[in-house]
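To start, the structure under review is shown below, and the notes come after it.
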Amino acid sequence: MKLYDGGIYLVNGHDIVAEDHADLPVSKTEAAKNTIAYGILEAHNTSGNMEKLQIKFDKLTSHDITFVGIIQTARASGLEKFPVPYVLTNCHNSLCAVGGTINEDDHMFGLTCAKKYGGVYVPPHQAVIHQYAREMLAGGGKMILGSDSHTRYGALGTMAMGEGGPELVKQLLSQTYDINMPGVVAIYLKGEPRPGVGPQDVALAIIGKVFANGYVKNKVMEFVGPGVAALSADFRIGVDVMTTETTCLSSIWQTDDKIEEFYAIHGRSEDFKALKPGDIAYYDGCVEIDLGEIKPMIAMPFHPSNAYTIDEVKANLDDILADVEKKAQVSLDGKIPYTLRDKVIDGKLYVEQGIIAGCAGGGFENICAAADILRGASIGSDAFTLSVYPASTPIYMELAKNGVLADLLATGAVVKTAFCGPCFGAGDTPANNAFSIRHTTRNFPNREGSKIQNGQISSVALMDARSIAATAANKGFLTSAEEFTGSYTNQKYFFDKTIYENRVFDSKGEADPSVEIQFGPNIKDWPKMAALAENLVLKVVSEIHDPVTTTDELIPSGETSSYRSNPLGLAEFTLSRKDPAYVGRAKEVQKAQEAIQNGECPAEALPELKPVMDVIHTKYADVNKENLGVGSTIFAVKPGDGSAREQAASCQKVLGGWANIANEYATKRYRSNLINWGMLPFLIPEGELPFANGDYLFFPEIRKAVEEKADVITGYVVKEDGLKAFEVTLGELTDDEREIILKGCLINYNRR
């Protein structure tokens, strides 16, 4: 795999010409317009300026962790009808097993909103969000926005993006998605995969190469080259969905007869569109991949980029396990003993669980290939277990019809309904100290369901379904699918949409205002949020120095998902696994802001504020409760990797957060979530911090600084001996984003 240092030209879709060696009859500016990505973005841009995009999407999609908050926000802003097709799937809180009636209450909320506002409602266990979108929503040259980070349908010719809920709210209110024209990086494929190599292997190899260096961060990955034709539609989909883990903005692939066949199989031939780059297309970078050189991969805990070949792990087992232990001390803050060395038996690595599931692993071809490897074998009667989750009921139905389901069940595997739980810690949580291998999307700490605050720890490695099946056939001892010497049946897929016709509610875009929304006792409105004050006092209530902080660490997934419709209830879990003292500290500071909003003295509600204000008044005597805001902030080196869930930001806001301070934001979507919840996305240079956890910071005339687009903002650390100056920046903000921050949040910005 080769990463080019600079830009490249792709000539006739086949030949790579490095920018510094190019002598071509077209300018770089014109050639950049010949990418597939440029054409799709241009068709959806409403600004008239291709440097400053204002995108309107064709369709929207959400699941039952996110759609309640999105619709509640839009309702508060005057929503009357869904202006574009909006699909509400129910694949996260499907089990309805935690918290009493609250999960099914969310589902009924979704059904009645689909009827009232003119949407589509997919009941629990019918399909995971992304598989339904592939089967029923994607279209060549279209754009889809989803409130899930793995919203990726590029393999089908659809540019899709995963964002926090407020960005969907904007689309529901007929506003736009505003971004600078992103860079486009060619992912040039050649050759063809060797037997036993699946899409997860290719994906992990790419992630391992480009995540740490930020090569594709916030850019579009455009898959081109002769190797694309060697991959089936399912294989491409399996690679595509994992592009999220590179921190790219979106993805798109050239399309061909195999994608045309995919649409025909699904009864939607009219949605196919042939897409390819122009004769001479310019890309801002290039990842050149020989598919034949990729071997079965494993991403060891605790990140998809921690990637090795399975052969490497087996050959260097002790060294790699030692490295995982070092990374665990960082990820787990040394709070709990951690080792995988006790999994080594006679020189072989033993795992207790295998999972093939969700939008990445639950595809038809993955499951059929796993069944081919397992056919006639047994997973054994020891600790090892294997669970398989087809990504949709139509896939499940076909597996039942073609005999694959029976083959899997005969091995001792368990085949379950479409559910995202194993991917975010709400299903198949392993035993304490157990090790799980999964064809899912992420292996962050605690994402398998363990709780370090309760002394519980298990961990996940990511692998392809084929090598998981080979490991299962070997009774749980780590095995590469290349060791399988049998043949693959390459079962043909037949899509039967009968179950969708029978069970999915589709309004066909017709709203029915007479429908009453069905609420449950856990579905709460967003609390009122104040506008940005003239001056701001912030207490640092958490300080995180991990190289990257995931959204799962900011607001844990798993059983907390049951509270996603209750902003105050969910906020109690904020940073609970990373910094359990955070919530108490933030709520204590929040008392001061509540006093201000009641016209009272903030220092009386929060006595520790009095000496802080005394120091501030030595230089800023006119600061008082009439022009002051008081809240909390956190520092993290690089927060926001992973999920698109807006709650990573909104929970901080609900607890009185006014800002994040970071050296860098891991993703565009997390920074957007902060802005849409009225939080200042401060940036501070790398190096020794001028403040520490527990310090008070003062930002005089902060409102003026935002209004006047100040390049640099001076803040002060409030010390007993005076104010110590330091500087932060806000990065680039659109005028609308500035107004959202000034108003206090997107709800205030849109409120009628």
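The values are calculated or read from the model by the stated rules, or taken from the named source; none is laboratory data. All figures in this text were calculated on a predicted structure; none of them were measured in a lab. Using ideal geometry, Cβ is built from the backbone for each residue, glycine included, and neighbour counts are taken over all protein chains shown.
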Mind listing whichever residues of region 724-737 are of a type in the set (D, E, K, R), surrounded by fewer than 17 Cβ atoms within 10 Å (Cβ to Cβ) and more than 25 Å from Tyr696 (Cβ to Cβ)? Glu732, Asp735, Asp736
Take the residues in region 447-463 that are part of a loop (DSSP other than H, G, I, E, B) and of a type in the set (Gly, Ala, Ser), then tell me which one is farthest from Ile336 (Cα to Cα). Gly449
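Residue-by-condition table, conditions (1) surrounded by fewer than 18 Cβ atoms within 10 Å (Cβ to Cβ); (2) in contact with a strand residue (DSSP E or B) (Cβ under 9 Å, 6 or more places away or on another chain); (3) closer than 19 Å to Trp253 by Cβ:
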site: Met1; (1), (2), (3): yes, yes, yes
site: Gly7; (1), (2), (3): no, yes, no
site: Leu10; (1), (2), (3): no, yes, yes
site: Ala18; (1), (2), (3): yes, yes, no
site: Pro25; (1), (2), (3): yes, yes, no
site: Lys28; (1), (2), (3): yes, yes, no
site: Tyr38; (1), (2), (3): no, yes, yes
Evaluate the following for Ala383: is it outside any helix (DSSP H, G or I) and surrounded by fewer than 24 Cβ atoms within 10 Å (Cβ to Cβ)? yes
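To keep it simple, each residue is scored yes or no on (1) part of a helix (DSSP H, G or I); (2) over 25 Å from Ala621 (Cα atoms); (3) hydroxyl-bearing (Ser, Thr, Tyr).
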{"site": "Lys704", "(1), (2), (3)": "yes, no, no"}
{"site": "Asp711", "(1), (2), (3)": "no, yes, no"}
{"site": "Thr714", "(1), (2), (3)": "no, no, yes"}
{"site": "Lys724", "(1), (2), (3)": "no, no, no"}
{"site": "Val728", "(1), (2), (3)": "no, no, no"}
{"site": "Leu733", "(1), (2), (3)": "no, yes, no"}
{"site": "Glu737", "(1), (2), (3)": "yes, yes, no"}
{"site": "Leu742", "(1), (2), (3)": "yes, no, no"}
{"site": "Ile747", "(1), (2), (3)": "yes, yes, no"}
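Checking the conditions here, which among Lys524, Lys539, Lys528 is over 23 Å from Leu405 (Cα atoms) and free of Cβ contacts under 8 Å to residues at least 12 places away in the same chain?
Values: Lys524 fails: free of Cβ contacts under 8 Å to residues at least 12 places away in the same chain; Lys539 fails: free of Cβ contacts under 8 Å to residues at least 12 places away in the same chain.
So the residue among Lys524, Lys539, Lys528 that is over 23 Å from Leu405 (Cα atoms) and free of Cβ contacts under 8 Å to residues at least 12 places away in the same chain is Lys528.
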Top-ranked residue in region 632-678 [being closer than 21 Å to Tyr177 by Cβ and aliphatic (A, V, I, L, M); ranked as surrounded by the fewest Cβ atoms within 10 Å (Cβ to Cβ)]: Ala666
Do the conditions hold for Glu482, that is, is it among the acidic types (Asp, Glu) and more than 30 Å from Arg447 (Cα to Cα)? no
Please specify each residue of region 147-181 satisfying the condition of being closer than 24 Å to Gly731 by Cα and charged (D, E, K, R). Glu163, Glu167, Lys170, Asp178
Before we move on, is Val615 surrounded by fewer than 21 Cβ atoms within 10 Å (Cβ to Cβ) and either under 23 Å from the mean Cα position of the chain (by Cα) or of a type in the set (Val, Ile, Thr) (or both)? yes
Can you confirm whether Thr574 is surrounded by 15 or more Cβ atoms within 10 Å (Cβ to Cβ), on the phi < 0 side of the Ramachandran plot, touching a Cys at 6+ places or on another chain (Cβ under 6 Å) and not assigned by TED's automatic domain parsing to the domain that holds Thr89? yes
When the residues of region 71-89 are filtered to those that are in contact with an Asp or Glu (Cβ under 8 Å, 6 or more places away or on another chain) and at pLDDT 95 or above, which remaining residue is nearest to Leu137 (Cα to Cα)? Pro85
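Condition check ((1) small (Gly, Ala, Ser); (2) touching a helix residue (DSSP H, G or I) at 6+ places or on another chain (Cβ under 7 Å); (3) part of a strand (DSSP E or B); (4) not assigned by TED's automatic domain parsing to the domain that holds Tyr350) across all residues:
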| site | (1), (2), (3), (4) |
| --- | --- |
| Thr489 | no, yes, no, yes |
| Lys492 | no, no, no, yes |
| Lys508 | no, no, no, yes |
| Asp512 | no, yes, no, yes |
| Phe519 | no, yes, no, yes |
| Lys528 | no, no, no, yes |
| Lys539 | no, yes, yes, yes |
| Asp546 | no, yes, no, yes |
| Thr560 | no, yes, no, yes |
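Matching residues to (1) surrounded by 20 or more Cβ atoms within 10 Å (Cβ to Cβ); (2) closer than 20 Å to Thr112 by Cα:
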| residue | (1), (2) |
| --- | --- |
| Pro513 | no, yes |
| Asp525 | no, yes |
| Lys528 | no, no |
| Thr551 | yes, no |
